[in-house]
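The values are calculated or read from the model by the stated rules, or taken from the named source; none is laboratory data. The shown structure was predicted, so the numbers you read here are calculated from the model rather than taken from an experiment. Cβ atoms come from the backbone with ideal geometry, glycine included; neighbour counts cover every protein chain shown. In case anyone asks, the SASA skips ligands and DNA or RNA and just uses the protein heavy atoms, side chains included. Shrake-Rupley method; radii C 1.70, N 1.55, O 1.52, S 1.80 Å.
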Amino acid sequence: MPDFSRLRPHSSQGWLAWVLVAFILFFSLTSDQFLTVQNLLDLAESYAVTGIFALGLFLVLVTGGIDISFAAVASVVQYLIATLFVQFQFDNAALSILLAIVCGTTFGVINALLITSLRVVSIIITISMQSLLFGLLMWVTGGKSLYSLPDWWITLRSVLPFTWQGNSFQVGLPLAIMLVIAGLTALLLNKTNLGRQLYAVGGDAESARRIGIRVGLIHVFAYGWLGAMAAIGGLVQVYRMGEVVPNALVGGELDVLAATVLGGASLMGGKGTVSGTLMGVFLIAILKNGLNLIGVSNYFMNIVVGGVIMVAIAVTHYKKRKETDVSFV
């Protein structure tokens with residue numbers, strides 16, 4: 001008799017992989033448009049920005065914090081770079097990208113400094129920053145979209161063209177950027193001393209402080225990293241859409257948070273992996289794409305995503321309690 005116990009997952013990432021397989025099989029059977037190369041590529045491209053944001057947010061969650069201002073940061077950075085071109089014809093690609101990353105990182109560092117200096121819960125500070133930045137952006141711009149953009153920003157590029165069953169396809173730049181960032185994030189967390197310190201701070205900040213880890217600087221790095229990822233994600237989103245719309249990104253924070261929590265990141269810090277985060281992103285993508293293909297209402301999609309987050313948080317906290325339960329009863 002075959003032994004199926006070896007197939008039983010031993011981690012949250014393992015369970016997530018089985019859930020992914022189950023949903024892929026379900027949507028493949030219910031829609032003949034789902035499991036096609038073009039649909040899967042379009043799916044990956046359209047959720048690449050979510051993946052970039054999630055990889056940034058993941059570092060903050062690892063340290064035990066939370067930040068929901070990244071969408072507003074991305075929107076401000078988009079508009080800044082576009083305005084420089086429209087008003088001053090600033091058309092230097094390298095300097096524009098560098099300026100965007102510096103601006104995004106600065107906003108992240110400001111968040112971290114406010115959290116550590118004021119000793120306020122991170123979600124309060126970042127909600128305030130999100131409201132402040134988005135409100136200022138809409139007030140200053142009047143909600144006006146920008147369509148006149150430099151060629152380097154909106155010219156579509158093929159990174160990896162390939163042929164499948166006689167048809168031509170290509171991997172686009174957004175997906176390639178997301179995968180590169182995922183690789184860099186994995187190296188940072190798994191192969192460097194800084195990565196170990198990030199996990200240590202999330203696991204127990206006071207213990208980390210006692211062994212000499214500068215907790216404040218670790219938070220500055222994590223929030224700065226998310227700010228940089230927000231800037232890059234904002235640039236990539238404009239590349240995909242070909243326009244700068246001030247309110248295009250704000251409101252999508254739920255998908256990003258859902259992806260990171262589904263991927264195994266704990267809201268209490270100290271847990272999670274890059275591969276789990278990516279699986280979380282694509283689970284959300286598959287759910288929304290599959291439900292859309294079988295004709296399910298957009299409102300119901302939000303119910304599904306919200307329900308999935310609640311289940312993931314409940315499971316995470318249950319596992320945390322079991323791990324820390326030292327009672328003899």
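Being over 22 Å from the mean Cα position of the chain (by Cα) and either surrounded by 14 or more Cβ atoms within 10 Å (Cβ to Cβ) or under 30 Å from M268 (Cα atoms) (or both) is not true of M178. Among the residues of segment 40-53, at least one is closer than 20 Å to L179 by Cα, in a helix (DSSP H, G or I) and touching an Asp or Glu at 6+ places or on another chain (Cβ under 9 Å).
I81 meets each of the listed conditions (1) of a type in the set (V, I, T); (2) over 21 Å from the mean Cα position of the chain (by Cα); (3) open to solvent by 20 Å² or more (accessible area, probe 1.4 Å) apart from (3).
Residue pairs whose Cβ atoms lie under 7 Å apart, separated by 6 or more positions or on different chains, with the first residue in segment 4-24 and under 15 Å from K271 (Cα atoms) and the second modelled with pLDDT of 75 or more and of a type in the set (S, T, Y), are Q13/T273; Q13/S275.
Have a look at V76, V86, V120 and point out the one that is β-branched (V, I, T), under 29 Å from A176 (Cβ atoms) and either open to solvent by 40 Å² or more (accessible area, probe 1.4 Å) or modelled with pLDDT under 95 (or both). Among V76, V86, V120, only V86 is β-branched (V, I, T), under 29 Å from A176 (Cβ atoms) and either open to solvent by 40 Å² or more (accessible area, probe 1.4 Å) or modelled with pLDDT under 95 (or both). The set of residues in segment 238-256 being open to solvent by 50 Å² or more (accessible area, probe 1.4 Å), outside any helix (DSSP H, G or I) and touching a strand residue (DSSP E or B) at 6+ places or on another chain (Cβ under 9 Å) consists of E243 alone. Go through the residues of segment 131-139 one by one and say whether even a single one is open to solvent by 40 Å² or more (accessible area, probe 1.4 Å) and within 30 Å of G264 (Cα to Cα). Yes, that holds for at least one residue. Residue count for segment 290-310 satisfying the condition of being open to solvent by 30 Å² or more (accessible area, probe 1.4 Å), part of a helix (DSSP H, G or I) and closer than 12 Å to F34 by Cα: 2.
The single condition from (1) within 23 Å of P174 (Cα to Cα); (2) crowded, with 23+ Cβ neighbours inside 10 Å that L98 fails is (2).
Residue-wise test of (1) modelled with pLDDT under 90; (2) in contact with an Asp or Glu (Cβ under 6 Å, 6 or more places away or on another chain).
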position: L175; (1), (2): no, yes
position: T192; (1), (2): no, no
position: G195; (1), (2): no, no
position: V201; (1), (2): no, no
position: I211; (1), (2): yes, no
position: L226; (1), (2): no, yes
position: A230; (1), (2): no, no
position: R240; (1), (2): no, no
position: A248; (1), (2): yes, no
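Being open to solvent by 10 Å² or more (accessible area, probe 1.4 Å) and outside any helix (DSSP H, G or I) is a property that does not hold for I232.
Checking the condition surrounded by 15 or more Cβ atoms within 10 Å (Cβ to Cβ) and either touching a strand residue (DSSP E or B) at 6+ places or on another chain (Cβ under 9 Å) or of a type in the set (S, T, Y) (or both), which residue from G195, G172 passes? Unique residue meeting the criteria: G172.
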